[in-house]
Amino acid sequence: MNQRVRFASSVFWSYVQSLSARGISLVAFIVLGLYVGPAEFGLYALVSALLMFVELVCEQAMSQSLVQIAQTTQKQLEAVFVSALFLGLFFTVSLLLGAPQLARWFGQPDLLPLLRLAAVCPLLIAAVAVPVGLLKREQRFKVLARRTVTASAISSVLGISLVIAGLGAVGLLAQAVCYYAVSLWILWRHCDWRPTLRLRGIADGLPEIAQLSLANLGHKLSDFAETRGVELLVGAMAGIQVLGAFAFASKIAQAAFQTLVSPALEVVFVRAARVGSGASTLEVIRTGQLLVGTVPAAGLLWLSLAAEPLLSVVYGERWAEAAAPLRILAVACLLRSLLYVFGAALLERRATI
């Protein structure tokens, strides 16, 4: 009974985290859409896609490895912390040195200052890998909810203010930087573990961490390719204006996905990580399909059907080109959600064999 209560509590706080934060982000996103056009949003989308890739490598894949391990040790935690920071430093240097080349490749000189501003983000992202992993492992979703809500609120106010002041894409990116910085402060405040920075012995905890992180990364890269990878291709082949419309539609679809589906999948993953110790693979799949197939499925289907009139009511003709991709992306998010449940369960099944 206690296990069921804890599971229900995890679901509740996961949804609180998502609904509160996404509600704030959605309001900010609606306001920002009134002040920026497809070209400015396209520039921001390019940089945002690169930061999402960094987040997958430096934080999500590594933090999830801590959830999967049967019992964490100091050496393993040190290994995650140092490895994540090393990767973050690599991406920071890469953004600084590669900014001129990327700006020329996309044919957008205005991309250069955005990439240089974004260079601070990889270190901020990497620094929270251990706190996020430990909080998820302990199912302290209430703390994660507090982090997401606070960071979203502060960064949204900053982003809206800068965009209204006329900074356009720079204001959008400053909002992202602010979110990562506030998240860093809150997460470490609620994390009891502290790094010793003793490099000796880290190699002992690295093999298992590396194996799990690479497996997680491989799974998440497929999601990245379906969403942000497509955006990068659109930007390179069709130009910033088309990318702006597509990315705007993708942003709406992802907001719906993260609000309706991600909380359920987050809990399913934690549940799947315990396969073999109280939860069967079949139980994980049944629970996940039940959570995804009710309210989340209905919400995504409604978004697909109402895409054109919804955009018209809010923005007039400004984002009319985003209606068609939004219809397709909403349905794609639903199908991906159902497939993810099976993927998470089978992934953890292999990890426990």
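The values are calculated or read from the model by the stated rules, or taken from the named source; none is laboratory data. Remember, predicted model here, so these are calculated numbers, not experimental data. Note that each Cβ is placed from the backbone with ideal geometry, even for glycine, and that neighbours are counted across all protein chains shown. Heavy atoms of the whole protein, side chains included, go into the accessibility calculation; ligands, DNA and RNA do not. Shrake-Rupley method; radii C 1.70, N 1.55, O 1.52, S 1.80 Å.
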**Spread of Cα-to-Cα distances over 10 Å intervals beginning at zero, given as percent, for the stretch 216-263** = 26, 46, 26, 3
**Asked** So, in Å, what gap is there between the alpha-carbon centers of the stretch 174-243 and the stretch 34-109?
**Response** 5 Å
**Request:** Take the Cβ-Cβ distance between ILE328 and THR73 as r, set R0 to 56 Å, and report the resulting FRET efficiency rounded to the nearest 0.05.
**Result:** 0.75
**Asked** Which translational diffusion coefficient, to the nearest whole µm²/s, is obtained for the stretch 18-109 from the Stokes-Einstein equation, given a Kirkwood hydrodynamic radius over C-alpha pairs, 20 °C and 1.002 mPa s?
**Response** 132 µm²/s
**Asked** Where a ≥ b ≥ c are the square roots of the eigenvalues of the C-alpha gyration tensor, would you call the stretch 73-193 rounded, which needs a/c under 1.5, or, failing that, prolate if a/b is larger than b/c, or oblate?
**Response** oblate
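Please list SER63, SER161 in order of solvent-accessible area, largest first, computed with a 1.4 Å probe with all protein chains present.
I get SER161, SER63, largest accessible area first.
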**Fill in**
Among the Cα-Cα pairs of the stretch 291-340, the proportion with separation greater than 15 Å, in percent, is 46 percent
**Message:** At a 10 angstrom cut-off on C-beta neighbours, averaged per residue, how do the peptides 43-53, 105-115 rank from highest to lowest?
**Reply:** 43-53, 105-115
**Message:** Apply the Karplus curve 6.51 cos²θ - 1.76 cosθ + 1.60, θ = phi - 60°, to the phi angles in the stretch 85-95 and return the couplings in whole Hz, x for Gly and Pro.
**Reply:** 5, 4, 5, x, 5, 4, 5, 4, 5, 4, 5
**Message:** Need one value: the accessible area of GLU321 in square angstrom, 1.4 angstrom probe, rounded to the nearest 10.
**Reply:** 130 Å²
**Asked** Where in the stretch 313-341 does the amide nitrogen come within less than 16 Å of the point 7 Å from the Cα of VAL242, taken along Cα to Cβ?
**Response** 321-326
**Message:** Under a crude label model (7 Å from the Cα following the beta-carbon direction), how far is HIS190 from PHE90 in nanometres?
**Reply:** 3.0 nm
**Request:** Show which lysines lie in cross-link reach of LYS251 when reach means a straight Cα distance below 23 angstrom and same-chain residues fewer than eight apart are skipped.
**Result:** LYS220
**Prompt:** When the Karplus curve 6.51 cos²θ - 1.76 cosθ + 1.60 is applied with θ = phi - 60°, which whole-Hz ³J(HN,Hα) does each residue of the stretch 232-246 get, with x for Gly and Pro?
**Reply:** 4, 5, 4, x, 6, 9, 10, x, 5, 4, 5, 4, x, 5, 5
